Amino acid sequence: MTEEQKAAYVNSRVACALIEAMGMMSENLWRLKIGDTAVYSESSFSALIDRYSIGSNPVIQDLTQ
């Protein structure tokens, strides 16, 4: 893979994580609005970093391979 392809691959994973986080946040806001409790906690959002391998170590490894 070229450097540009590697960066695009990392960016696509970040985009997927952001889309999922936006959905999670929207669900939390809706639940709070109707008087329910939020379903997604801080750890749920943090887990996205691992799920999409977008922490600093995986990204550095992807970009330097």
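Laboratory data are not the source of any read-out in this text; all were calculated from the coordinates shown. On a predicted model such as this, the values are computed, not experimentally measured, just so you know. Counting neighbours? That spans all protein chains shown, and the Cβs are built from the backbone with ideal geometry, glycine included.
Our helix-only sum for the chain, with -39,500 (n - 2.57) per DSSP H run of n ≥ 4 divided by its residues, gives a mean residue ellipticity at 222 nm of -25500 deg cm²/dmol.
Specify which labelled value, from (i) 0.97; (ii) 1.15; (iii) 1.27, agrees with Rg/Rh (Cα atoms, Kirkwood Rh) derived from the coordinates of the model shown. It is the value labelled (ii). Charge dipole of the chain (Cα centre as origin; +1 on each Lys and Arg Cβ, -1 on each Asp and Glu Cβ, all else neutral): 120 debye, rounded to the nearest 20.
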